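Colleague: Please find one structure pasted underneath; my questions will follow.
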Amino acid sequence: MYLAGSGNGSILIKRKAFTDSVKVGDHMGNPTINDVARVAKTSKSTVSRFLNGYTVKKETEQALRSAIKELKYHPNVNARRLVKNHTRAIGIVVDDIANNFYSDILRGIEMVANSHGYQCIYYSRTSNYQGEYGFMDLAQERQVDGLILVSFLKRSRGLIEKVKALSTPIVLIGDTNKNDSVSSVDVDNEFGIREVVHYLHRIGHRKIGYISGPEEFSSTYWRRKGYEGALENLHLKSDPSWIVASNWSEEGGHRAMRELLNINGITAVIASNDETAIGALLCANELGYQVPLDISVVGFDDIPVSKWVYPPLTTVKQPLYQMGEKAGLELIKKLNGEKERLPERLLIKPKLIARQSCRNL
């Protein structure tokens, strides 16, 4: 027992009775590794092994996850960094963290990271005036154990060289400035557009227009390359006037479609993203064309609204979740010191989704 002063009097407290009365959910401070061990009915060393990414028995893992959730336990990252010189944290730098386009990629990364005992820390590229360069210090200062940089903008040769020089494990999602020696994951954009051209050819189309995208995105180059390569492979006519640039907006697609509809004989138009394709659909309807009766339209991305427009849009589905998952797995292998088992640059093939915006000729 101990005596605690309280204003004009004192309160006599039985220490053991007080301790025993405190329930797990009413913990007065931050729960510790000892609390987790007690609730999970295992040893402190087992909890430590689990938190550091080592395998434990399945039933023990379930008990530990339940205890961690119940206690709302969060590892002391700073203490861990001091003791073991690593944080069990992965830094993820995204072009614009507010853009929903990246949500599936981030879910894929997070699933892999969490399953291997790592936490994810997210950074928005737009919050640093140096762009991705500005986040390299996170790795050099050991604030995170590894980095995943997510961007579909073209990357400079200087950035790629800096990535190669880092001792900290790092994986890119998106462009590598055509450098295949850097660990990276991307969608096979060239393959995706080739699939579209071949599909249109199979259903009878021979004069196919193309709406390109902004030059600052790496996929603009690869998708146009896929379009031109497929036309050549199929011995179809290619005309520079059948390719119109856009800014990947509905307005840009609208303007580009108006230009393409002035060209005699075109029976199908491929837009290099879905927003552009939706703008093209609207333009065709406004000018009195019926899609797909008069002209067929295809997009790229398979954004949620693409199946709700009229007619539902034929498009190419990007494997965004799988991209995040593969990038996460590649980084975990690097963190574990495993030998590379996959190509440094991994391209994941997208899937053609045929809906009602195209017709057989």
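Colleague: Name the residues in the range 254-264 that are out of contact with any strand residue (DSSP E or B) (no Cβ under 6 Å at 6 or more places or on another chain), of a type outside the set (A, V, I, L, M) and in a helix (DSSP H, G or I), would you?
Modeller: His254, Arg255, Arg258
Colleague: With the requirement that a residue be touching a Lys or Arg at 6+ places or on another chain (Cβ under 9 Å), within 20 Å of Leu234 (Cα to Cα) and of a type in the set (Phe, Trp, Tyr), what does the range 166-219 give you?
Modeller: Phe191, Tyr210
Colleague: Are there any pairs, at least 6 apart or on different chains, whose C-beta atoms fall under 7 Å, with the first in the range 186-202 and in a helix (DSSP H, G or I) and the second modelled with pLDDT of 95 or more and of a type in the set (S, T, N, Q), and if so, which?
Modeller: Asn189/Ser219; Leu200/Ser296
Colleague: Additional query: Quick one: how many residues across the range 270-307 are among the polar types (S, T, N, Q) and surrounded by fewer than 17 Cβ atoms within 10 Å (Cβ to Cβ)? Before you say what the answer is, go through the steps one by one.
Modeller: Here is the first cut: in the range 270-307, the ones among the polar types (S, T, N, Q) are 272-273, 276, 285, 290, 296, 306.
Within this subset, residues satisfying the condition of being surrounded by fewer than 17 Cβ atoms within 10 Å (Cβ to Cβ) are 285, 290.
The total comes to 2.
Colleague: Under 7 Å by Cβ, and 6 or more places apart or on different chains, what pairs join a residue from the range 22-48 that is farther than 14 Å from Glu70 by Cβ and open to solvent by less than 40 Å² (accessible area, probe 1.4 Å) with one that is modelled with pLDDT under 90 and of a type outside the set (A, V, I, L, M, F, W, C)?
Modeller: Ile33/Lys44; Ile33/Ser48; Thr46/Thr60
Colleague: Pick from the range 242-253 the residues that are out of contact with any Leu (no Cβ under 9 Å at 6 or more places or on another chain) and assigned to a helix (DSSP H, G or I): which of them is farthest from Tyr210 (Cα to Cα)?
Modeller: In this case the residue turns out to be Glu251.
Colleague: Something else now. Determine which member of the set Ile193, Ile208 is under 21 Å from Ile348 (Cα atoms) and open to solvent by less than 10 Å² (accessible area, probe 1.4 Å). So that I can check it myself, show each step before the final result.
Modeller: Values: Ile208 fails: under 21 Å from Ile348 (Cα atoms).
Going through Ile193, Ile208 in turn, the sole match is Ile193.
Colleague: For the range 320-361, which residues satisfy the criterion of being open to solvent by less than 70 Å² (accessible area, probe 1.4 Å), at pLDDT 95 or above and in a loop (DSSP other than H, G, I, E, B)?
Modeller: Pro350, Ala354, Arg355, Ser357, Cys358
The values are calculated or read from the model by the stated rules, or taken from the named source; none is laboratory data. Everything numeric in this text was worked out from a predicted model, so none of it was measured. All Cβ positions, even for glycine, are placed from backbone atoms using ideal geometry, and neighbour counts span all protein chains on display. Ligands, DNA and RNA are stripped out before the accessible areas are found, and what is left, the full protein with its side chains, is counted by its heavy atoms. Shrake-Rupley method; radii C 1.70, N 1.55, O 1.52, S 1.80 Å.
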